[in-house]
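The values are calculated or read from the model by the stated rules, or taken from the named source; none is laboratory data. From a predicted model like this one, the values you see are computed outputs, not experimental measurements. Every residue, glycine as well, gets a Cβ built from its backbone with ideal geometry; the counts of neighbours run over all protein chains shown.
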Amino acid sequence: MSEIKFAVIGFGHIGRRHATIISSYPGCKLVAIIEPSEAALAHELYPAGVPSFDSLETMYAAGIQPDVVNIATPNGYHCDYALKVLDAGSHVVIEKPMGLSKAACEDVIFKSLQVGKQVFVVKQNRYSPPSKWMKEIVSKKIIGTVFMVQVNCYWNRDERYYKTGGWKGTKELDGGSLFTQFSHFIDIMYWVFGDVKNIKTTVKDFNHQATTEFEDSGLVQFEFVNGGIGSINFSTSVWQTNMESSITVIGSKGAFKVGGQYMNEVEYCNIENYTMPVLPATNAPNDYGPFKGSAANHHYVIENVVNTLQGTDTITANALEGMKVVDIIERIYQAAN
Ligand SMILES: NC(=O)c1ccc[n+]([C@@H]2O[C@H](COP(=O)([O-])OP(=O)(O)OC[C@H]3O[C@@H](n4cnc5c(N)ncnc54)[C@H](O)[C@@H]3O)[C@@H](O)[C@H]2O)c1
């Protein structure tokens, strides 16, 4: 395949990252941006010379046929847009979360199979050195049998983040803090330890009644299908700034903790007959002014799209895995008392 043509839908915080990376990535060309907001299009990072459209339909009608369309809109639009993109004959990259229900994600998978196009889901934390290390330690059984896994996600998202009239904080377009803030960490847990069952959930809305339509905090307990038990403790109610996103693992041969604000450093490792290697540094988090997100690894996502379409790699996070994370989050919420 020669030059790969991309379009980006949604030119907000993360859409701008997609557009910027695509514009400079070898072998890629940004051919269109679909964005209904004039204010968003006026952003200083808007790439010169790239046409914008207020809908996918007007872009295709103008004769622009991207090979790949990256969806970076509010969560609630992801699957509808993915269906349209696939129907129009382009591959699709979907920002996390893939969708807000397992059923909607299944529709996307069926469509992609019917039209023979690829679906990539953005799970860029998988590229962080501590994530790759953890995956290896567990899959090679260096940690032995997994007994317990504890995921703690303690972040700050307050009225500086949830703006009146915005999509963030709405049930329909945001979906909940497990979808928008913490799905990366649930993805890492699923990727390394597999599916969960027997979920018990308690959620509370402590101090977001005025800003969101859903919980801000929760305690979740479950068993792993592969054995062992686990829990997720999460909150967006931490005062002022993010505190941590960590995962602590107890296995039959030792224990480790990957922590930091976004699971970006190995804080503890004590495993029988094992010396912890020095890992490469994790990339800085995405920076949204007062808020920090997950690792700024989106260039790896674009690289994976290019290499997969050129036949030299396979998809890092495919549609089935994207759907599985949505399924786990959906079941966690369904189990809430
Ligand atoms: N991978 C990550 O680490 C990461 C980080 C942040 C956000 N995200 C995801 O990226 C997506 C966007 O988040 P954001 O923080 O950039 O939000 P944002 O509000 O900054 O940007 C969303 C953009 O989509 C546009 N938009 C709204 N409705 C649209 C529609 N119907 N069609 C086309 N465009 C539309 C908005 O005008 C806005 O410019 C979300 O799904 C979010 O979960 C992922």
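General observations
- Single condition Ser131 does not satisfy, out of (1) within 24 Å of Trp191 (Cα to Cα); (2) polar (S, T, N, Q); (3) surrounded by fewer than 22 Cβ atoms within 10 Å (Cβ to Cβ): (3)
- Residue count for the range 117-152, restricted to those that are assigned to a loop (DSSP other than H, G, I, E, B), at pLDDT 95 or above and within 16 Å of the ligand (Cβ to nearest atom): 1
- Residue within the range 284-291 that is touching a helix residue (DSSP H, G or I) at 6+ places or on another chain (Cβ under 9 Å), within 13 Å of the ligand (Cβ to nearest atom) and not charged (D, E, K, R) present: yes
- Test: residue in the range 86-106 that is assigned to a loop (DSSP other than H, G, I, E, B), over 18 Å from the mean Cα position of the chain (by Cα), buried (at least 18 other Cβ atoms within 10 Å of the Cβ) and small (Gly, Ala, Ser): yes
- Within the range 206-221, the residues that satisfy the criterion of being in contact (Cβ under 8 Å) with a residue 60 or more places away in the chain and outside any loop (DSSP other than H, G, I, E, B) are Gly218, Val220.
- Any hit, the range 29-48, residues being in contact (Cβ under 8 Å) with a residue 40 or more places away in the chain and buried (at least 20 other Cβ atoms within 10 Å of the Cβ): no
- Total residues in the range 322-337, condition farther than 14 Å from Ala103 by Cα and in a helix (DSSP H, G or I): 3
- When Ala7, Ala32, Ala40 are screened for being assigned to a strand (DSSP E or B), more than 21 Å from the chain's Cα centre (by Cα) and within 13 Å of the ligand (Cβ to nearest atom), only Ala32 passes.
- If you filter the range 197-228 down to residues that are more than 17 Å from Ser177 (Cβ to Cβ) and not hydrophobic (A, V, I, L, M, F, W, C), you find that the one that is surrounded by the fewest Cβ atoms within 10 Å (Cβ to Cβ) is Lys197.
- The lone exception for Gln65 - which of (1) within 16 Å of the ligand (Cβ to nearest atom); (2) among the polar types (S, T, N, Q); (3) not in a helix (DSSP H, G or I) it fails: (1)
- Residue within the range 158-179 that is away from the ligand (no atom under 16 Å from the Cβ), under 22 Å from the mean Cα position of the chain (by Cα) and of a type in the set (Phe, Trp, Tyr) present: no
- Any hit, the range 234-245, residues being without any contact (Cβ under 8 Å) to a residue 24 or more places away in the chain, assigned by TED's automatic domain parsing to the domain that holds Glu159, within 16 Å of the ligand (Cβ to nearest atom) and within 20 Å of the chain's Cα centre (by Cα): no
Every residue, every condition in (1) part of a strand (DSSP E or B); (2) surrounded by 14 or more Cβ atoms within 10 Å (Cβ to Cβ); (3) not hydroxyl-bearing (Ser, Thr, Tyr), yes or no:
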{"residue": "Val258", "(1), (2), (3)": "yes, yes, yes"}
{"residue": "Tyr274", "(1), (2), (3)": "no, yes, no"}
{"residue": "Pro280", "(1), (2), (3)": "no, no, yes"}
{"residue": "Asp287", "(1), (2), (3)": "yes, no, yes"}
{"residue": "Lys292", "(1), (2), (3)": "yes, yes, yes"}
{"residue": "His299", "(1), (2), (3)": "no, yes, yes"}
{"residue": "Gly311", "(1), (2), (3)": "no, no, yes"}
{"residue": "Thr316", "(1), (2), (3)": "no, yes, no"}
